Structure formats: C-alpha cells, structure tokens
Amino acid sequence: MKYLRSVLFGIFVFYGFASLGQIRGLVRGVRVSDTLALNGVKVKLLRAKKAVFTDANGKFEIFPGKQVPDTLVALIAGYISDTIVINRADRYAAISLVLYSDKLKPEVIVQRKATNGVVKISIVQLERISSQELRRAACCNLSESFETNASVDVNIADAVSGARKIQLLGLDGVYTQFQLENVPFLRGLEAPFGMQSFSGIWLDGIQISKGTGSVVNGHESMAGLINLSLKNPLEADKLLLNAYGNRFGRGEANAIFSHKLNDKWGTTGLLNGSLNKVNVDENQDGFLDLPLYKNLSAMNRWQYNGEKMEAQLALYAYADDRFAGQSSFSPQLLPFRMELSNQHLELTAKTGFFGKREGESLGIIQQAKYHKTQGYFGANAIGGQRQIAGQEKRYFVSVNYDRSGREGKHLIKTGVSSNVLSLSQVADLFIYDRLEITSGCFAEYSLRLNRLSWQTGFRWDYNSLFGGILVPRMHLKYAVTPKTDLRFTGGRGWRSPNYLIENNALMASNKYWVLPAEFLPEISWNVGGSLVTEFQIFDRKASWTIDLYYTWFERQLAVDRDVSDQFLVFNYLDKASSSLAFQNEMDFSLSKHWSLRGAYKFLRVTALFNGSLQQQTMVPAHRILATISWVSLNKRWQADLTTNFVGRMRMPKGYVINGVPHNFSPWYPFVFGQVAHQFKRLKVYLGVENLLNVKQPNPILFASNPQDPSFDATMVWGPITGVNVYGGMTFILKQKK
C-alpha cells in the first residue's frame, strides 16, 4: 500500500527529473605562474560518504547522494585543500576547482561556474545565460532577456501589435523548442505573446542549445532548444521586489515570495504586473508607436525533496489585454485598430523516484494547459475587420527512466510520451479546428570517456494526422586539450504548423491570404559543430567560441511575400529551403574591473520565393555584437554598454521609402547601456536604450489611408521609437541560513 500511494502521488505531482545525475568537474593547480591539471586529487562528498580521484586530465565524476546540499572536498599533497557546497542546481553547471600551492600565500580560489558561456561538461553545445547576465539590461519580460546574447535575435513582428519574435540560426522562433525546466512551454496559441507575459525577473538562468537536442526532450527541436530555469523554492531569496518604469509610460512590478517549510518542503509565489496607458506617436503617422496594454501573471510552485523521491507542482496563469493602431482621437472614419486579449492557465507536475541502484531513477512529467485568445485587426465589421480567435486545450505526459553506471561512463535514458491537443482557431475568413494526438517512445545512450563523449538516440512518434515519424539524433564531444572542446551534432526534427495564429501579425496589412489545400508536418535535418577553447591574454582569462550549423528542410511551410503586392501565399516547399548560420564569439577579461565580449554572426537563409531561390525576407545576413562591462572593486557599482550592429535585410515586394521601391534595408546600430548600484539590500539601476536615436522612417506603409490595398505595417526592420530612458529598483531579503 505504501508503494501504491507513492505511485498515485507521482501521477498528480510532477518532477522535472532531477535524478541522480553525476557531478562532473575539473581540478587545476596553481604554482607560482603555472596552471596545470591535477592528477590523483581526492574528491569526496562528506554527507554521501563517497570519494573519487581525478584522472590525468584533472577530470572527475561523482554521484551525489539523495540528500543535498552536500559538502565537496578536494585535497592533494602539495596544495591547500578546500571545500565547496553542492546544491541540486550543480548538475547543470560545470564545476572548476582551482587549488593553490601550499608554498604560496594561503588563498584558495574555488570557482563554481554558474556564469555565461558554453557549459564545458555538456556533450551538446549548451550555452548558459546566468541571472547576473540578465540584470545587465532592462530585463523585464522574457522577450527582453536576450539583448546581450549573440545567439538569439529578438525582432518586432509588426508596427501595430508590438508582438516580438525570436530567431535562432536565422529561423523563426517556431522552429526553436521552448521548455520551462524541461517541460514544454510557449507552444500553440501562446506563442505570439507568451514571451511578453513571462517575467525575466523570475529566472535563475537560461540554457540555449543549437541544432537538434536530446530525443528525451521531444521532436520539435529543429533550430535549437531554449530551457528556462526558475528560482528554486528551497534556495531562492525570501523576498524579492522589483519596480521598473520608462519614459514612454510603461510601468512594471515584480515580486517573488519564497518560504522554506523544512528541509524537504519549499514554496514560491511569483507575481508580475505590467501596463502602458500613455499614447505615444513620435513619428506623427497617426498610429500608436507602442500598444496600450495591461498584463498580470502569477505562478505558485511547490517543491519536495525526500530521500526516496522528489516532486514539484506549479500553477501558472496570466491575462493580457492590448489595444493598438490608430488612437481614439483619430479623424479617420474607419480607423485601423487592433484589440487582442489572451487568457492562459496551466498546471504542471513532476515526480521522480530514486531506484535502489545508484544512478537509477524514474521521472513522470505531466502538464495540462488551457489558452484562449480573442481579438481583431482592422476597422469594424463594415470597414474590413479581420477576426482572430482561438481556444487550446492540451495535455502532455512523459515517463522517463534513467540508468547510469557506477563510474558514470555509461548512461541510458528511455521512456514514452504523449501529447493530446484540442485546437480551434479563426483568422479572418479561415477556420481550422483539429484534434491531434501524438504519442512516442524514445531511447538514448551516452558514453563518456576521458576525452571522447558520445550521445545517440532515436524516437518514434505516431501522429493521429500524419502517421509515424522517425527521429534519429547524434552528438559527439572531443576534448582536444583540457581547455579546448570540439563538438558535432546531427539529427532530424519535425513539428505541426499552427499557421493561422503563428502568423497573426501579418494581419496588420490589407493583403489577402492564400492558404495551402492540405495540412502537413514540417520536417528538417540539422548538422553542425563548434570549437570552444579557453586561453590567456596578458595573464587574463579569455574564451573563444566558433560554431557552424546547417539546416535543410524536407518540407517547410513558407510565406511567399514576393508573388504579389496584394497576396500572401502560404506554400509547402519540398527540399527548397535551408539555413546556414556561422557565429564567432570571444569573451575577454581585461582586468578585475573590465570585461569585453564581441561576436560576429553570418546568416544565409534561403527558400523558393516567386519561383527563384532567394534570401528570406527580414533576416539580416550580418550581425555584430560588442559589449563592455565594468564592476567596481567592492562589487557595488556596475556599468554595461552594448552595441548591436544589424546588417541589411532583403525586404518583401512592395516596400517603399518616400514612394521609391527599396529591395534592402540599411545597416543600423542599436546601442543600450545601464548603470547599477547595490546597497545592502536594495539595488537601483538607470539605463538607456537606442542611445543613437535610430528610427525606421516609415514602419507603416500608407499609414494615412489604412483602407488602401497597399497598407502594410508588417515590414519592420528597425526601431520604431527613439531614445528610451528607464530606471528601477530591486529589493532582496535573503533566506536565513
């Protein structure tokens, strides 16, 4: 009966299965000026009463006990030993221990890296954005959390709604799989505005992987995967309050309340409120430059860490209401406007059970979601109002089994998953309702040797509309040197396109939609690789990352905007679209106070448009990111300055400036910076965005006559508003130790 209760509890409570994943790390020693990998260092966990020794490359792997936090000790003759506290989050971060010779002064530096950059121990190229990095800019919602990151681009979808969309490897955000702590997130109807309803203040970090990821995570990772990590209820601050405001009238407030009931139970409440009620029309075209909106979101999380099982339960909800277009003071008889409301509710549950054997666990993931959207683009029923409506009900379940060898060299993951989707959607005159069930099974094997790591997996999904689809994936990592890693990845992915709601921003025009006659899945292959190395310049740490990824589609649903000025044609392209993405990035610590990052990205995204192979519209071929940061010696002052140079983009047919057709947009710089000061519990910050006041001269074509057939507000390549000054403060009350 005891075991029956545990199983029943696991069906309702959801665990993201933080199992007994082994801790991996690197131990290096410092003698005078030399740094070398240390062989034979004894690394032990005091609470778990386990110990291992580092190999010739200074690497070690050790399984944590079922009870954490634990204390890890590293000791070897000739060096000063030291300790570090291990928490559950350490299974996601690389641990680097630096021991100093006992002949030097008694200072020992132990680094537990939860910072930015590629996670060294990951087989897949996994890039982490830490919570400290998120605070370097005006990070208020998720869509603003990638401003200092070179891999992910965030663009404005149209000049009316204010919706934002991301791009990874030059591909639209729908090809990037989002997860919230390894649970599906931002899928279906919530995709267009879901990022703006999720607070970046809630995040502990973001993990980004390019290319196809693990088959355990699902089949939808075609360009990459973005996983969001929230603040842990057992480790988060007791209270966090944040307030933000800018010169355009936007205000935002965030709150996080955490309470640790005992060593096993903890809960967190997360609140976010945002609104803008100020009419802004700087370019005097009669349209609001920013939408008027109000948004309220909340989440409640519970976490249980026991000796035989772990569990998490989360309830997330938000409501978002928007008004945009020509204001209520417009002299137009039939003014063009947008009104849109979204309501969202989801419950997620994760349970994980530890096996009797070390390295064995069973995880159960469940999610139930409801989303409703309702609104319109246009004037009114007489003057061409285009309705938008949708209702989504989704249930997802996944059962995962992990088994790892005692030494951590072999790891097997296997399981089954199922997703039930009931979706109704309306866009203008088009209605598409469907019931879709996708069930699959998967298996993945990982081998970790001293220098070579290999991960391969297969999953087979059966979709009620398309039939069976096989998804193979493989990843390799080779340690060329202790500080240089070479990675390779390849695999297949697929998704069901929700083309009506996913493209609702294109309704901010008078173009007619021509939709495909049948509904088919999008299928792609991705191959790529990366080289990551650490080195020193003038005795200062530096890192260099270079990667290249190529994606080609067996089938892609593309929007052809070059066929006609009056039509948007949705076509399924068979083996006629691809993406080549190259990125070169370097991080350099200039001194104890100054750090510098620079990145260059080249994108060639092509498809068959109007009968010829052309660059995808609204995708810049070149991007350059440069950011510099300064921190005072006492860590209380910090200043950051970032410049993003955006290359020219191919514009759709019909784009004009002052009546003259233009095929390409110009290069432009986008500069932003922030200064912050940390008091004992209060942090204040002041920043500026678009410092050079760069603005697109005509973001809305034929704004003076929204009834004109050529009216179009979707050809946005640059900023719509000018210089923005913002400020805010964050109050933090720590948990009692």
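The values are calculated or read from the model by the stated rules, or taken from the named source; none is laboratory data. The structure presented is a predicted model; accordingly, all values stated were derived computationally and were not measured. Positions of Cβ are backbone-derived with ideal geometry, glycine not excepted, and every protein chain shown enters the neighbour counts.
Just one of (1) in contact with a strand residue (DSSP E or B) (Cβ under 6 Å, 6 or more places away or on another chain); (2) not in a strand (DSSP E or B) trips up Asn283, so point out which.
Of everything listed in (1) in contact with a strand residue (DSSP E or B) (Cβ under 6 Å, 6 or more places away or on another chain); (2) not in a strand (DSSP E or B), Asn283 misses just condition (1).
Name, by its number, the condition in (1) in contact with a strand residue (DSSP E or B) (Cβ under 6 Å, 6 or more places away or on another chain); (2) surrounded by fewer than 24 Cβ atoms within 10 Å (Cβ to Cβ); (3) part of a loop (DSSP other than H, G, I, E, B) that does not hold for Glu147.
(1)
Give region 497-528 a look and list any residue that's outside any helix (DSSP H, G or I), under 22 Å from the mean Cα position of the chain (by Cα) and at pLDDT below 95, or say none.
Selection gives Pro497, Asn498, Asn503.
Go through (1) in a loop (DSSP other than H, G, I, E, B); (2) closer than 20 Å to Gly205 by Cβ; (3) among the β-branched types (Val, Ile, Thr) and name the single condition Val278 misses.
(2)
Restricted to region 327-357, and to residues that are under 18 Å from Asp402 (Cβ atoms) and surrounded by 15 or more Cβ atoms within 10 Å (Cβ to Cβ), which residue is modelled with the lowest pLDDT?
Per the stated criteria, the residue is Gly355.
Only residues that are of a type in the set (A, V, I, L, M), surrounded by fewer than 18 Cβ atoms within 10 Å (Cβ to Cβ) and either in contact with a Lys or Arg (Cβ under 8 Å, 6 or more places away or on another chain) or under 16 Å from Ala137 (Cβ atoms) (or both): list them for region 594-623, please.
Ala621
For the subset of region 579-606 comprising residues that are among the polar types (S, T, N, Q) and over 22 Å from the mean Cα position of the chain (by Cα), which member is farthest from Val619 (Cα to Cα)?
Among residues in region 579-606 that are among the polar types (S, T, N, Q) and over 22 Å from the mean Cα position of the chain (by Cα), the one farthest from Val619 (Cα to Cα) is Ser591.
Is there any pair linking a residue in region 131-147 that is without any contact (Cβ under 8 Å) to a residue 60 or more places away in the chain to one that is in a helix (DSSP H, G or I) and crowded, with 22+ Cβ neighbours inside 10 Å, with Cβ under 8 Å and at least six apart or on different chains, and which?
As it stands, the answer is Ser143/Met195; Ser143/Gln196; Glu144/Gly200, since those pairs meet every condition given.
Looking only at region 429-456, count how many residues are closer than 28 Å to Asp55 by Cα, touching a residue at least 60 places away in the same chain (Cβ under 8 Å) and within 28 Å of the chain's Cα centre (by Cα).
Final tally of qualifying residues: 6.
Checking Ser564 against (1) closer than 30 Å to Trp637 by Cβ; (2) outside any strand (DSSP E or B); (3) of a type outside the set (D, E, K, R): exactly one of these is not met. Which one?
Ser564 satisfies every listed condition except (1).
Show the residue pairs that are 6+ apart or on different chains and have beta-carbon atoms under 6 Å apart, the first residue being within region 54-68 and of a type in the set (Phe, Trp, Tyr), the second being modelled with pLDDT of 80 or more and not in a strand (DSSP E or B).
Final answer for the pair search is Phe60/Thr54.
Give the residues of region 288-310 that are closer than 30 Å to Lys277 by Cα and touching a Phe, Trp or Tyr at 6+ places or on another chain (Cβ under 9 Å), sorted by residue number.
Leu288, Asp289, Leu290, Pro291, Leu292, Tyr293, Asn295, Leu296, Ser297, Ala298, Met299, Asn300
Could you please let me know if Gly269 is of a type outside the set (Ser, Thr, Tyr) and in a strand (DSSP E or B)?
So Gly269 fits the description; yes.
I need the full set of residues from region 654-667 which are buried (at least 16 other Cβ atoms within 10 Å of the Cβ) and either more than 29 Å from the chain's Cα centre (by Cα) or over 19 Å from Pro719 (Cβ atoms) (or both), in order please.
Gly654, Tyr655
Given the residues Gly224, Gly266, which is the only one that is under 30 Å from Gly528 (Cα atoms) and in contact with a Ser or Thr (Cβ under 8 Å, 6 or more places away or on another chain)?
Being under 30 Å from Gly528 (Cα atoms) and in contact with a Ser or Thr (Cβ under 8 Å, 6 or more places away or on another chain) holds for just one of Gly224, Gly266, which is Gly224.
Every residue in region 350-388 that is among the small types (Gly, Ala, Ser), assigned to a strand (DSSP E or B) and either closer than 30 Å to Leu500 by Cα or not assigned by TED's automatic domain parsing to the domain that holds Phe193 (or both), please.
Residues satisfying the conditions are Ala368, Gly375, Gly378.
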